[in-house]
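The values are calculated or read from the model by the stated rules, or taken from the named source; none is laboratory data. Fair warning: this is a prediction, and the values are worked out from it, not measured in the lab. Virtual Cβ from ideal backbone geometry, glycine too; neighbours counted across all protein chains shown. Protein only, heavy atoms only, side chains kept; ligands, DNA and RNA dropped before computing areas. Shrake-Rupley method; radii C 1.70, N 1.55, O 1.52, S 1.80 Å.
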Amino acid sequence: QVQVVESGGGLVQPGGSLRLSCAASGGDFSIYVMGWYRQTPGKQRELVARIYSRGSTVYADSVKGRFTISRDNAKNTLYLQMNSLKPADTAVYYCNQYPHDDDSWGQGTQVTVSS
């Protein structure tokens with residue numbers, strides 16, 4: 001079972017950028033498919049992007065071309081580079097395995113895109 005701690009969120013203006021980090025422990029991070037998810041109040045958590053152990057990636061249509069997921073297996077760390085941010089990207093962002101493990105959700109990191 002993987003434990004995760006997300007960081008890097010904050011308040012940013014539309015068009016701005018943020019880089020999220022996810023420090024993982026307690027499992028063999030390098031073999032897991034990892035994903036970034038996000039949730040807004042009243043909505044279900046949605047998968048934003050996932051990355052396979054060897055680096056191939058898949059993105060939700062809503063973030064394709066703007067977000068980049070990456071991983072550093074030596075550091076057990078997952079990243080999400082978010083560019084050209086929009087108000088619709090405002091959410092709490094979480095990392096987890098893909099498919100998600102219900103026992104491995106972290107506290108998330110808040111991203112707010114507003115002028």
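Quick rundown of the values:
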read-out: Residue ID - farthest from Thr68 (Cα to Cα), chosen from residues in the stretch 24-42 that are assigned to a loop (DSSP other than H, G, I, E, B) and not small (Gly, Ala, Ser); value: Pro41
read-out: Residues (open to solvent by less than 60 Å² (accessible area, probe 1.4 Å) and not in a strand (DSSP E or B)) located in the stretch 1-16; value: Val2, Gly8, Gly9, Gly15, Gly16
read-out: Residue check for Gly65: closer than 14 Å to Leu85 by Cα, part of a loop (DSSP other than H, G, I, E, B), in contact (Cβ under 8 Å) with a residue 60 or more places away in the chain and not hydrophobic (A, V, I, L, M, F, W, C); value: no
read-out: Condition met for Asp28 (under 21 Å from Gln3 (Cβ atoms) and open to solvent by 50 Å² or more (accessible area, probe 1.4 Å)); value: yes
read-out: Selected residue (criterion: most open to solvent (accessible area, probe 1.4 Å)) from residues of the stretch 68-97 that are assigned to a loop (DSSP other than H, G, I, E, B) and of a type outside the set (Val, Ile, Thr); value: Lys75
